[in-house]
Structures are given as C-alpha cells and as structure tokens.
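The values are calculated or read from the model by the stated rules, or taken from the named source; none is laboratory data. Quantities reported herein were computed from a predicted structural model and do not represent experimental measurements. With ideal geometry, Cβ positions are generated from the backbone for all residues, glycine too; neighbour counts draw on all protein chains shown. All accessible areas refer to the heavy atoms of the entire protein, side chains included, with ligands and DNA or RNA removed. Shrake-Rupley method; radii C 1.70, N 1.55, O 1.52, S 1.80 Å.
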Number of protein chains: 4
Amino acid sequence: MYNFRTDLAVERREIFKKANKIENEIDGVEAEEIIDSEEITTTRVKITTEEGEKALGKPIGNYITIDIKKIKSIDEDGIQSAADVLSRELKSLIDAQIGKAEDILVVGLGNEYVTPDSLGPKAITEIDVTRHILNYMPEYLEEGTRPVSAISPGVLGTTGIETLEILKGIVDNIKPKLIIVIDALASRSIERISSTIQIADTGIVPGAGVGNTRKELSKKTLGIPVIALGIPTVVESAVLVNDCLDIFIEKLQQEAQSNEYLNKLKDEDNYETIKEALVPNDYNMIVTPKEIDDLIDNMKNVVARGINFAL
Amino acid sequence: MYNFRTDLAVERREIFKKANKIENEIDGVEAEEIIDSEEITTTRVKITTEEGEKALGKPIGNYITIDIKKIKSIDEDGIQSAADVLSRELKSLIDAQIGKAEDILVVGLGNEYVTPDSLGPKAITEIDVTRHILNYMPEYLEEGTRPVSAISPGVLGTTGIETLEILKGIVDNIKPKLIIVIDALASRSIERISSTIQIADTGIVPGAGVGNTRKELSKKTLGIPVIALGIPTVVESAVLVNDCLDIFIEKLQQEAQSNEYLNKLKDEDNYETIKEALVPNDYNMIVTPKEIDDLIDNMKNVVARGINFAL
Amino acid sequence: MYNFRTDLAVERREIFKKANKIENEIDGVEAEEIIDSEEITTTRVKITTEEGEKALGKPIGNYITIDIKKIKSIDEDGIQSAADVLSRELKSLIDAQIGKAEDILVVGLGNEYVTPDSLGPKAITEIDVTRHILNYMPEYLEEGTRPVSAISPGVLGTTGIETLEILKGIVDNIKPKLIIVIDALASRSIERISSTIQIADTGIVPGAGVGNTRKELSKKTLGIPVIALGIPTVVESAVLVNDCLDIFIEKLQQEAQSNEYLNKLKDEDNYETIKEALVPNDYNMIVTPKEIDDLIDNMKNVVARGINFAL
Amino acid sequence: MYNFRTDLAVERREIFKKANKIENEIDGVEAEEIIDSEEITTTRVKITTEEGEKALGKPIGNYITIDIKKIKSIDEDGIQSAADVLSRELKSLIDAQIGKAEDILVVGLGNEYVTPDSLGPKAITEIDVTRHILNYMPEYLEEGTRPVSAISPGVLGTTGIETLEILKGIVDNIKPKLIIVIDALASRSIERISSTIQIADTGIVPGAGVGNTRKELSKKTLGIPVIALGIPTVVESAVLVNDCLDIFIEKLQQEAQSNEYLNKLKDEDNYETIKEALVPNDYNMIVTPKEIDDLIDNMKNVVARGINFAL
C-alpha cells in the first residue's frame, strides 16, 4: 500500500489520483463537494468497493470532511454555522445506524495535558450528558430524550491500559448502541490543522495522528457501530520536509532538464532518512501553528456543539 | 446511627467518646498514635468488632489518618517526609492483601475542573504506570516490577455513568488484584482541609465528601480489595455554623445558668434548619481556605509520591 | 463608622436603613431600581452629600448594582443580555467623564491562580485592545476607534510591588484618560457570589473583598477618573456565622421572651470572637459555592463582553 | 550582516566560523567550555571588540549558554543540578554589576496562554519576592536580604502596550538597580528547544524568538543593567526546511559531482521562498516537540530555582 501519511480520505483521494494520473474518479470511490458558505466546505467521500478500499487504504464506508476557513479568528456566529454543518452530517450517519432514542456513548481520546492532543478530552467536558438524569430523575427531561454518556479514557502512556480495554468494559456494562469517538488525525496540510473535521462511520485507529498507533476501535472490536470524528492537530515535521523536498526536486528537474539521479531521488521515499536526520533521540517533533491553544479551543466549541445538536 | 458529618474515623471516634462520655477506648475499637515528626502525626484506628462498627458507623477494618501541619508552606523536604509516611502505611495495608508483584489499579475520583474536587484526577497524572511497559517493552523494567495502571473515570455529572459501572468494566477486562482509590472526604475540621490523609482498607463511598453520595466501591461491589485514600478538601458551611452554634449555646448556658429551652435546643440537631437557611436554591456552599488551589497542588505531590514509593 | 462588612453600596443602604429604622430614603442617598428582565435587575444608588457619604461609608458618587439570577446555568443569550445591561450602565458612566475617542486602560486585579480571585485577570484576556493597532497599523481600524489597552498587574504577594506603584508608572507613560478596574468585592450575601456586578465611578480599594486591603486606586491617587467593576466572589466564613448567630439570637429572644443577657449579646459585634475561633493560624477561610470555577468563567464572559461593547 | 536566524551567540559563532572557514577563534570573540556533568555543559562566549560585535551581530558583552540534556525526563536531582549551574553563572554576572543587597526586578516576558511562549510568566510565579515583606514586615526577613520584585507584563497583542513602556513606568516608580528578563529565543537546533538557557548581560529584544520583534530592553532604554535569560522554545518551520535543503543540496553536489545550477542554489538564501510557500495566510508555523508542555514545566523549575538561589 501507498504510504499516504494522512488519515484524511479526501487527501488520500487527491494523492492517489495525482500519483496515478487519474482524471475522473477512482474506481470504487464516490465524491461530492458542498459549498456550505464562504467559510465552510463539506466533501463526502464514499468508498463503495474493495477496489476503492485498496486504493485509499481505508475500509468501505463514508468519510465526510468539513473544512472551516479562518477558525483562528472565528466568532460566535461562525462557530454556530460550523456546528450546524457538523450536526447535519453527523445526524445523517447516526440515523443510518440506530433509532432516535437509542443510547450513545461519546468518547474523547487524547491527553488533555499535551496541547495538540487535548481536543478530545476538552470537547468531552462540553457534551450534554443525559443518561444519569434519565436513570435518576427522568421527570426533568422530555420523553424520548436519547441517553447520552461521555468519557475521556486517557492515553496508554498515562493509564497503562489500552483504550480498547477500557471501552470494552464500559460497553459491556452500560450497553450503548453506538459510539462517537473524537480523536486527533494526521494530515499533510498545515492549513487543515485544527480547521478540518473528518467524520467516518468506520471507526478509528486512535493515536495514528500523533504517531502512537493503538488498537482499532470499530464495530469489529467493540460490537457496535463506531463513528469517528477526527481533527488534524499537527503535521509531522518529517512529512513537511519530505513534501518540500518533492517540490524542490521537481523544480530542479524542470530547470536542469533532469538527470537520472534526480529521477531516482524523486521515486525514492525520503521520509525515513529525513525522519532519522530530524528527530533527535526520543523526541516527537511536530509542526503546529503558534496559536494552537486558541485553535484547539475554538474547534472544541464547534465539535461539542455539533455533537450536542445532533443528539 | 449518630450523624457524624465526617468521614474520618479518627474524628468519629472523638465525637462518639465525647457524646457518650467514654474515658478509655470504645468497645470494638483500637487506636494508636505515632508522632512521626514535628509536622506529621499518624493515628491508626482499628475497628475490630460489630460493636465498634455500630459505634463509628464504619465497617470492620483499618483507618489510618496522617495529619500534616503547615502543608500550605511545605517545602520539597516536607513533601518527601509526608510521602514517606504515607508510603509506609500504604505498603503495610497492601502487603496484607496481595503479593509484591501483583497487579494494582489506581483510581482518581473527582472532577478536575472543580478545584476542591480535583485532587484525585491531578494525583493520577503523576502516578508511575508500568502495566503497558510490562506488556509491550518488558526489557525496560526490572524483573518483578509490579504492573500498575491508573485512571480518572470522571464524575457522574459529566459522564452520565456511575463510577462503579466504569470500574467494573475495567476490572473485568484488565483483572487487577487490588484497587487504590483517591477521593475527597468530608471532615468537620477546617484545619484538616487538604492537610490530612485517611487510608482505609474497607473501600469508599465516592462523593460523600462533597455531598453527592454514589455507589460504594469495595470488595463487595468490585470483587477485589479496595484501599481508599481520602483527603478532606471542604467543610460544608451548614456543618460549620452548626458547630459554632453548639459552642455558642454552651457559652449561653454557662453564663445564663441554663434554662430548659436552651437545653432542648442543644439536644436538637439544627443542621437541617441551618442548611435550609444557608443554601440558596441549588448551590452547594462550602467553606474552604482561599489558598485551596495551592493546598491541593501540594497534597497532590504528597499523595502521588507516597503511592509511587509504596508500589 | 458602622462595620458593614460588605463593599456593595446597595447592601450597605439596606443594612443602614434597617439598623436605623429608616422607612424612606437615607438623607444624601438616592436610589432607583430597574427590572431589566426576569433574570436581571439593576439598582442605581447615588450618594449625593457628605451626609450620605457618612451614612454608607463610601465617597460621593454613583454605585450601580447589576444582579444576575441563575448565572450558574446561564446560556449564550443570558450572557448577552447581562453584557448588554453592563454595557449600557458602563457607557453612561464613561460618557459622563471623557470623550468618545479618548484613551482607556482596563485593569484586571487579582491572582489568576487562586480561583475566587481570578476574575480580573481572566476577564482581561478577553478585552479587545486597540491601542497598539492604532499605533502600528491604524489602517486596519475605523477612524475614531477608541484606544484601549489592558493589563493584569498581579498581586502584591507575588510581585512585591503595590498595584498603585505599577499603575502610576503605566499611567505616566501611556497617559490614558480613564481607567476601568475589575476586582473582587466582599458581599454579605451568598446569593451574590459571582452573580452581581457593582459599577462605581469613585475608584476602588483593591483586595478589600478578600481581606488584603491595599492602597486606593482613584482619581486622587492616579490623577484620572477610575471606574471600578466589582464582583463578589467570596463571603468570609466569620461574616456568615455572625449573620447566622444574629438570626439565631433573634429566634431565642422571640421564644424565650428575651432577657437582658441576650439583648447584650445581640448588640455586641461577635465578629472578632468568631473570626478568632474559626480561622486557624494563617488561613483565610472563605465560603464559596462548590461550582465557583464555573461561575467565575460565566461572569468573566459577561464582564469582558460588557466592557467590549461599552468601548 | 549575515542572517543567522538564531539568537544564541554560541550558534552564531559556529555558523560564522564555518561560513568563513575560521579554524581558531573569531577576532574579538573569546569562548570557553565547561563540562559541569554528564548532562550539563556551559559555554561562555565573550564579545570583546567591535569586530566581534560585527561578526556575531550582537553587542559587546557576555553570552553564557547552559545546555541541559534529557530535560524531558529530568528528575528532582537533575533540576537541582541545572539550577545550581544557572545560579552560579547568573550570580557572577549580577555581582559584576550591583551590590549584594541592591534591588532587583525579575520580568517574565511572553503570553502564558500560548504554550511555547509561556515560560516567562510561568517562571515568575515561582520567584521568591521579598520587596513587599521588606517594606511592610522587615522583621520576618534576615538583615541584608535583597529586595526582589517580579512581574509578567503580558504581550503587546493582549495589552496594547509596549513592554518597554510598562517597564519604564515601573522602573521609574520602584527604582530597582538591575533587571533580569526571562524570554523565549530563536534557535536553529531542535535539540535545544526548552533545553538550553542563554544568559546575556546585554539586554534583550523581546519576542525575537517567536517572530514579533519589539523594542529593545537594555541599559540604553531602561537606564539600569538588564540581564537576559533566553530559552529557545520553538524553531521556525521555514528555518528547519531551509537547513534540510542545505544538507540535501550538499548531498546532491557530492553525488552528482556538482553543476553550476546547484552551486547557485546553495549560495542563495532560500529562506524567504520557503517561508512564503510554507506559511499559509496569517499563521505562524513552528516546529516543537509534542511534549512541549512538559518541557516548559521542567525548564520553568530550573529557571525559577536558579534565579532564587542566585538572589
């Protein structure tokens, strides 16, 4: 499989098309773009066959990307518009899986004490949970209210427990019908950092975005549908440099009218070499906007509100 | 049962002795005091029979109280001494229950976004977890290292899930042999706020300290021994006023050479009346030192270090 | 002077009227109440003569109190309504002092690491400052924009410098025409904690609300008008018990048909005795709602938004 | 002047020597290296003449660099050792300027709500201030205690006021004899992020490290000596890519036995082109370790402790 170094289906589709010089659509993949407003664009990528699965390296299912421009300086109205779009897309995926009053567990992955990894736990604090009220004081809620619960299970490095182990136990005990997982993703684009949400109905491999792949959370491992809300919060520095080198080599080739050696270089994947050169000892270097704390806060509001409306 | 309005066995013992004018020891209760240093005193209260159980309203077992003076201005050495004492007492309770290399899960109860309730979650972030290293990279640890994991399950109000439900699921999946629970307790003494640790080998009723009683966490409900580390972080304002009124009525009686009416007042429990008068609508009023943020931080270090040494 | 133990002119007026059995208005004091909505009430107290000054122990000037009900569970619309009222009142006080485009410095007093004292510094982070943009990139702002700057000078205990010394230096250098100071106040009412804003055009004695009186910030000391925005965030525990004792003694008198001794007690001020009994060593005990972190956050939004609209 | 894109004199010296193929020492520059321990190395660079000044683009004076290895996993002892070295170097610079009991003001630059920019304000909270105690309760301190005060003036973007304006006012009012400024620096080396401290007795241009150059803080502008403690906390992403390209072009030249075009490329400074390509709209992209929150916390302890010992 091609090493895409992005979790966004929409980016993989572009890379695959470019690499294979495909003009129309990839076989087994459907795509549709909606301009919601000047600031918000939604792209729905659907992988429909095994062929599409193989091409994009992701399971059959729906991958919806919401791109929000200028989230850095977004105001109250902008947050509301983005939350509305998220709510609309999320609702359609949920309604395709379970009934209107069926139990949902929202899970915020990540380490809240590491800024670029804190979006999940922060969003969780804003989710309107109802399950305990329905259990203890149902008279305070309208009939037909959906039971919602929410948890931040922490990360393996601080708990010593795989997220899958924690969630399995909770699912066995409280028996939700669907899980929504919020997590960080890897993207190749700096502009997408904390500005894009991918909603997928195929589950998630947590930590993939920040270089610590963990056990998959999906219907296969948890027994119930898992909708993943992924937000790119960092770009690996080696990916950045690799992409820059590609551009650079292309420029060299144009101007120097190419030579064999550069062609070879271009075909090679220089990622591992760069990574080695860049990453001192045990650091995990990332590229991030200096304003990441603010960006995370704004995106947290969009995500929490979008989920609350959808439920 | 007498309404003690304190979770500390050591305070209950004093109240019971005073109320019943007992000079020596309560039947079914043993007590021992150790002066560890000028700043640290340890009191070991042991409830040995059903009679003691009934007197103090707590199950048969060990209740160790460590009082630390001047934790507000404690320095690095003071934190170390307190952690050493905590470690010594905790170790003896653990060793009485399980083997040296058996699996332990540390649980930090409370809501980290509510200062007086944040001690558990904050201490958890400092626990040295080893379980995942033993699973994935055992070569990095000495042989015989005890598997330790740690989790902050959140509170019912923000998760919608009973702590017991979450822990049951985790215990079923990762099968620890013992649980250590860190939680806030109710005390009657302002001086004990964030300055006292009670270690009990009988489990805990979480939230009791902050007025939201939840399902018991104990061997009975979880199937494995539960050691509770409780720290008083607030005093209810109605308890404070009630205690002040008692002192005041006593003073009145002395000076006015008593009268029937005051005697009656004194025997009554004015707590509920005061509570009603004091507590507007849905607030939960507490008495706390203004420096509670700092106190919690210092105590967090004592607790985390004490646990790390003991394990 | 009567020891009111509250900084709110509106509470002092009530206490003074009750203590002196005044049915109509105190001489030299005017008052007006506006019901802004079901949740918001504004009271404008004006001290007009030296007599009024002596009665309420506060200088001649305007004292506007905005009471916001249920700020604990306030939503976006509620924050907006409260901010609108604050903006209206603040604007009228500012317009009475300086021109529409004259320079304003907003000052957030308090220690952001001590929750009940953190409102000032937190609100400052949300103020829309324009002074530097007007200096460096005026083309980005509409003509006639007012220069606004904002600072959190910290507290004496952590800086070693009196707030007055810091502000004097800044005022000398940047020469604003008016200062708005945000600070914590003392109130006698638990219900007013983080739910009431007092706006006064007479300056402030910082720290009065939390028991650390500092040098006055006012036109007298700084040379320019100082508008103070004070928010009660704590009630001293000795005040609380003192008030409860008063109620209690009254009840005793009613039922026991009084006696000389109780009369004497009632006339005495028991505050100092209670304070001594209550406050261990060097602690500063306060009564606060457990939800103080949330309350402060909501009030911060009201204050920052109210100021931003007014400017 | 050569564009070094680093504020560290020690890095500039290396770059200059390499670029100019200087084997021994640069004229007007002296350097000395001390191996303090396995983890800590101190380098003292002294610029002694105008020639040295011109070479390194920094004023005549002392530039001491302390490199601390593995600060990510540093323990209590490691923090102590690093603080001891910092204290030793800092003390020698201070003693060269003022007397043992003369007044010092410590200033923490930066925005505490932006993680890589928060070191200054965070360190300030840990400084032992004595000035107010000497003013109000001198009996609590030993005779001869130095008056120390500390302030975090905030950043231009959130205060609207130049740091220089704020400090000038404070210096005029409280008249310290020396200022210590803590700030973020730019470095070219990822390994130095939050692991290196540069102490300079020549003042500072704040914000240089994070791309927002502000007015100089120095004896020239403030009238008293300014010692700057600078810590690299980020590397600009364009610098990183530029450095990688240099290495890459070198490799190309070696293998392809060079050609004119590559030579030209190598001599060009590609920084601006890369910057344009990399930096979308108004973002300030940085390269940082994912663990930056932890690194900042550890370094904060080293800095605060080092300063406290030195004073």
> What is the residue count in region B:174-185 for residues that are away from chain A (no Cβ under 14 Å) and open to solvent by 20 Å² or more (accessible area, probe 1.4 Å)?
Replying inline: 1
> What is the one condition in (1) at the interface with another protein chain (Cβ under 8 Å from one of its Cβ atoms); (2) in contact with a Phe, Trp or Tyr (Cβ under 8 Å, 6 or more places away or on another chain) that residue A:158 does not satisfy?
Replying inline: (2)
> Which pairs have Cβ atoms under 8 Å, sit 6 or more apart or on different chains, and link a residue in region C:291-308 that is more than 9 Å from every other protein chain (Cβ to nearest Cβ) and charged (D, E, K, R) to one that is open to solvent by 30 Å² or more (accessible area, probe 1.4 Å) and in a helix (DSSP H, G or I)?
Replying inline: C:297/C:122; C:300/C:122; C:305/C:80
>> Could you go through region B:191-209 and let me know if any residue there is in the same structural domain as residue B:79 (by TED's automatic domain parsing), touching a residue at least 40 places away in the same chain (Cβ under 8 Å) and in contact with a Phe, Trp or Tyr (Cβ under 7 Å, 6 or more places away or on another chain).
In response: yes
> Does at least one position in region D:126-143 carry a residue that is in the same structural domain as residue D:179 (by TED's automatic domain parsing), closer than 30 Å to residue D:235 by Cα and either under 19 Å from the mean Cα position of the chain (by Cα) or open to solvent by 20 Å² or more (accessible area, probe 1.4 Å) (or both)?
Replying inline: yes
> Can you tell which of B:191, B:236 is more than 27 Å from residue A:174 (Cβ to Cβ), charged (D, E, K, R), crowded, with 24+ Cβ neighbours inside 10 Å and more than 12 Å from chain A (Cβ to nearest Cβ)?
Replying inline: B:236
>> Just the residues that are in a loop (DSSP other than H, G, I, E, B), within 13 Å of chain B (Cβ to nearest Cβ) and modelled with pLDDT under 85, please, taken from region C:194-211.
In response: C:194, C:207, C:211
> So residue A:26 fits all but one of (1) of a type in the set (A, V, I, L, M); (2) within 18 Å of residue A:189 (Cβ to Cβ); (3) surrounded by 15 or more Cβ atoms within 10 Å (Cβ to Cβ); what number is the exception?
Replying inline: (2)
>> Tell me the residue from D:58, D:17 that is part of a helix (DSSP H, G or I) and open to solvent by 30 Å² or more (accessible area, probe 1.4 Å), please.
In response: D:17
> Scanning for something on the phi > 0 side of the Ramachandran plot and open to solvent by 20 Å² or more (accessible area, probe 1.4 Å), does region D:198-218 turn up at least one residue?
Replying inline: yes
> Which one of these does residue A:146 not meet: (1) within 22 Å of residue A:305 (Cβ to Cβ); (2) open to solvent by 40 Å² or more (accessible area, probe 1.4 Å)?
Replying inline: (2)
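What number of residues within region D:223-243 are part of a helix (DSSP H, G or I) and modelled with pLDDT of 95 or more? Don't jump to the end; show me each part of the working.
Initially, region D:223-243 is screened for residues part of a helix (DSSP H, G or I), giving D:237-243.
If we keep only those that are modelled with pLDDT of 95 or more as well, we get none.
Residues in region D:223-243 being part of a helix (DSSP H, G or I) and modelled with pLDDT of 95 or more: 0 in total.
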>> So for region C:22-42 (the condition being in contact with a Phe, Trp or Tyr (Cβ under 8 Å, 6 or more places away or on another chain) and assigned to a strand (DSSP E or B)), does at least one residue qualify?
In response: no
> Looking only at region B:89-114, which residues are in contact (Cβ under 8 Å) with a residue 60 or more places away in the chain, part of a helix (DSSP H, G or I) and more than 20 Å from residue B:205 (Cα to Cα)?
Replying inline: B:89, B:91
>> All but one of (1) touching a residue at least 24 places away in the same chain (Cβ under 8 Å); (2) in a helix (DSSP H, G or I); (3) more than 7 Å from every other protein chain (Cβ to nearest Cβ); (4) open to solvent by 30 Å² or more (accessible area, probe 1.4 Å) hold for residue A:171; state the number of the condition that does not hold.
In response: (4)
> So which of C:115, C:42 is under 26 Å from residue C:294 (Cβ atoms), open to solvent by less than 30 Å² (accessible area, probe 1.4 Å) and within 14 Å of chain B (Cβ to nearest Cβ)?
Replying inline: C:115
>> If residue D:126 satisfies all but one of (1) more than 29 Å from residue C:135 (Cα to Cα); (2) within 7 Å of chain C (Cβ to nearest Cβ), what's the number of the condition it fails?
In response: (2)
